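Notes for the one structure printed next.
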Amino acid sequence: MSTAKLILEGNEYEFPLVRGSEGEVGIDTVALRKHTNAISLDPGYGSTGSCLSGITFIDGEKGILRYRGYDIEKLATESSFVEVCYLLIYGELPTQEELLSFSDRLTRHTLIHEDMKKFFEGFPATAHPMAMLSAMVSSLSAYYPGAGIDEDLDLNIVRLLAKVKTVAAFSYKKSIGQPFIYPRNKYSYCANFLHMMFAVPAEDYVPPKVLIDALNLLLVLHADHEQNCSTSTVRMVGSSQTNLYASISAGISALWGPLHGGANQKVIEQLKMIREDGSNFRKYVDLAKDKSSPFRLMGFGHRVYKNFDPRARILKKTADEVLDQLGVDDPLLDIAKQLEEVALVDDYFVSRKLYPNVDFYSGIIYRAMGIPTNMFTVMFALGRMPGWIAHWKEMREEPRGRINRPRQIYTGPTQREIKPLEER
Ligand code: SDX
């Protein structure tokens, strides 16, 4: 096994290499501080691996994304979201019998405790649905306190996957002042969510197949993405042996940020602004390049992908298809496409390998489906739920799992005495 050599202050050290199943190489620096008394420093963790994981593989240079070895392009067209949940969490695509049982359990655990409905009464009508989602998911630990590795983890996984779509739909109904619509056991996972979102007591609503299929695809595409900010947060929080619900709630909060899952909401707001400003693409592309401006092209760029995000490719194609099937003509889709064209020939974007990411086109589809902008990141969270759970489970099942506790380099004042108040 070849090693990596480090020469530090005249001493030479060797560290073992770790090779992944796809040929990735890591330098095992577990013993770095013990042997050298130095630490590695990598703010933003761009060159730092936090774990070994068998769940999702991304090749950023080639634009490859695979869940448990299956290409995202194949899963997107051949698997349901419930199948992908099972695959990510348990490692294999379910058999027919396993899928039937898993789906049935998801159906039977969709209701939330009636007392939890009262929590929604305390939220102002203007509350962002992500605030409600993270609060409600954490509150599930008040009803199911033992959600750790030893306390029937499979039951708590089913509870979380089943109830999170109910909480999401209730958050939407709360934000528009409509009564909650209860889940219906006759519906599939996606149909049930759409029914809870769009049905009203006064009339029947049958979720159209085009919406069910579009939602299924959107959730599959968002289901996991290895050690992104929110998944790393779930692992961080779970590493102290916090229960499943509170760990996932932390992930929801991390996803909310506009640099992460909150970008899908910002993309639509930005496209609207560009349209209202006479579709002056060049102005906004130039603004995004201007270092003195905080403006960025939301939905563009990625820490890992230095090629097209494969999910963005699929979503761009799906946007055309879904809007066509729904008979929706959304000018923002053309704005997005033209903005992409202008950016992708601009040297600033080309030289930095900035391409559209998963958030660039997803909002166009959500809009066409009738989902409001403030619910877009909730939709991202619904999709990412199985990924967060899979990583939490993988981390907690580590035989020598340790609490995550990074080091730092201190740059503050060295030792000094306290001056009496009158002398400061
Ligand atoms: C998601 O990690 C994941 O896997 C995330 C995700 C998942 O599935 O979990 O894929 C989901 O979060 C997608 C990303 C959504 N966020 C956005 O679309 C926000 C806009 N993009 C960025 O702010 C940025 O690209 C990030 C946050 C996505 C990545 O940030 P990095 O890796 O820290 O890159 P950086 O900020 O260091 O940028 C490198 C250079 C800088 O310029 P220079 O210093 O080299 O001159 O590229 C520039 C940046 O200024 N840059 C952009 C830009 N993104 C990067 N310039 C203009 N517009 C942009 N969008």
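Yes/no per residue for (1) within 16 Å of the ligand (Cβ to nearest atom); (2) more than 22 Å from Asn374 (Cβ to Cβ); (3) in a helix (DSSP H, G or I):
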site	(1), (2), (3)
Phe180	no, no, no
Arg184	no, yes, no
Asn192	no, no, yes
Met197	no, no, yes
Pro207	no, no, no
Asp213	no, yes, yes
Asn216	no, yes, yes
Glu226	yes, yes, no
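Restricting attention to the stretch 50-68, which residues are without any contact (Cβ under 8 Å) to a residue 40 or more places away in the chain and more than 20 Å from Leu93 (Cβ to Cβ)? Spell out the reasoning first.
Residues of the stretch 50-68 without any contact (Cβ under 8 Å) to a residue 40 or more places away in the chain: 52, 59, 66, 68.
Hits for the stretch 50-68 are Leu52, Asp59.
Among the residues of the stretch 228-240, which ones are more than 16 Å from the ligand (Cβ to nearest atom) and assigned to a loop (DSSP other than H, G, I, E, B)?
Ser239, Ser240 - these are the residues of the stretch 228-240 that are more than 16 Å from the ligand (Cβ to nearest atom) and assigned to a loop (DSSP other than H, G, I, E, B).
Just a yes or no: is a residue in the stretch 129-146 surrounded by 15 or more Cβ atoms within 10 Å (Cβ to Cβ), β-branched (Val, Ile, Thr) and assigned to a loop (DSSP other than H, G, I, E, B)?
Scanning the stretch 129-146 turns up no residue that is surrounded by 15 or more Cβ atoms within 10 Å (Cβ to Cβ), β-branched (Val, Ile, Thr) and assigned to a loop (DSSP other than H, G, I, E, B).
Would the stretch 173-180 turn up any residue that is in contact (Cβ under 8 Å) with a residue 24 or more places away in the chain, surrounded by fewer than 16 Cβ atoms within 10 Å (Cβ to Cβ) and small (Gly, Ala, Ser)?
yes
Being within 10 Å of the ligand (Cβ to nearest atom) and touching a Gly at 6+ places or on another chain (Cβ under 7 Å) is the filter here; which residues of the stretch 252-265 pass it?
Correct list: Leu255, Ala263, Asn264.
Count, please, the residues in the stretch 264-311 that happen to be among the small types (Gly, Ala, Ser) and surrounded by fewer than 17 Cβ atoms within 10 Å (Cβ to Cβ).
4
Yes/no per residue for (1) within 14 Å of Asn307 (Cα to Cα); (2) among the charged types (D, E, K, R):
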{"residue": "Leu332", "(1), (2)": "no, no"}
{"residue": "Glu341", "(1), (2)": "no, yes"}
{"residue": "Asp346", "(1), (2)": "no, yes"}
{"residue": "Asn357", "(1), (2)": "yes, no"}
{"residue": "Ile365", "(1), (2)": "no, no"}
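Given the criterion touching a Gly at 6+ places or on another chain (Cβ under 8 Å), away from the ligand (no atom under 11 Å from the Cβ) and either assigned to a helix (DSSP H, G or I) or charged (D, E, K, R) (or both), identify the matching residue among Ile268, Ile248.
That would be Ile268, the only listed residue that is touching a Gly at 6+ places or on another chain (Cβ under 8 Å), away from the ligand (no atom under 11 Å from the Cβ) and either assigned to a helix (DSSP H, G or I) or charged (D, E, K, R) (or both).
Just give me the residues in the stretch 341-377 being more than 9 Å from the ligand (Cβ to nearest atom), in contact with a Gly (Cβ under 9 Å, 6 or more places away or on another chain) and assigned to a helix (DSSP H, G or I), in sequence order.
Those that are more than 9 Å from the ligand (Cβ to nearest atom), in contact with a Gly (Cβ under 9 Å, 6 or more places away or on another chain) and assigned to a helix (DSSP H, G or I): Tyr361, Ser362, Gly363, Thr373, Phe376, Thr377.
Going through the stretch 326-368 one residue at a time, which ones are out of contact with any strand residue (DSSP E or B) (no Cβ under 7 Å at 6 or more places or on another chain), aliphatic (A, V, I, L, M), surrounded by fewer than 23 Cβ atoms within 10 Å (Cβ to Cβ) and in contact (Cβ under 8 Å) with a residue 24 or more places away in the chain?
Result: Leu326, Val328, Leu332, Leu333, Ile335, Val342.
Need pairs with beta-carbon distance below 7 Å; first residue closer than 10 Å to Asp359 by Cβ and within the stretch 252-271, second more than 10 Å from the ligand (Cβ to nearest atom) and of a type in the set (Phe, Trp, Tyr); sequence gap 6+ or separate chains.
From the stretch 252-271, the pairs are Gly262/Trp256; Asn264/Phe376; Gln265/Phe376.
Just to check your reading of the model, which residue among Phe180, Phe198, Phe193 is hydrophobic (A, V, I, L, M, F, W, C), within 27 Å of Phe119 (Cβ to Cβ) and touching a Gly at 6+ places or on another chain (Cβ under 7 Å)?
Of the residues listed, the single one that is hydrophobic (A, V, I, L, M, F, W, C), within 27 Å of Phe119 (Cβ to Cβ) and touching a Gly at 6+ places or on another chain (Cβ under 7 Å) is Phe198.
Looking only at the stretch 1-55, count how many residues are in contact with a helix residue (DSSP H, G or I) (Cβ under 8 Å, 6 or more places away or on another chain), more than 14 Å from Arg407 (Cβ to Cβ) and in a loop (DSSP other than H, G, I, E, B).
Total satisfying the criteria: 4.
Listed here are the residues, each with its yes/no results for (1) touching a His at 6+ places or on another chain (Cβ under 7 Å); (2) within 8 Å of the ligand (Cβ to nearest atom); (3) closer than 16 Å to Ile364 by Cα.
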{"site": "Asp286", "(1), (2), (3)": "no, no, no"}
{"site": "Gly301", "(1), (2), (3)": "no, yes, no"}
{"site": "Phe308", "(1), (2), (3)": "no, no, no"}
{"site": "Arg311", "(1), (2), (3)": "no, yes, yes"}
{"site": "Asp320", "(1), (2), (3)": "no, no, yes"}
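Looking at this structure, is Gln241 at positive phi and touching a residue at least 24 places away in the same chain (Cβ under 8 Å)?
Judged against the criteria, Gln241 is a match.
So Phe380 passes all but one of these: (1) more than 10 Å from the ligand (Cβ to nearest atom); (2) at pLDDT 95 or above; (3) of a type outside the set (D, E, K, R). Which condition number does it fail?
Here Phe380 meets the rest and fails (1).
The values are calculated or read from the model by the stated rules, or taken from the named source; none is laboratory data. Computed from a predicted structure; not experimentally measured. Please note: Cβ atoms are built from the backbone with ideal geometry, for glycine as well, and neighbour counts cover all protein chains shown.
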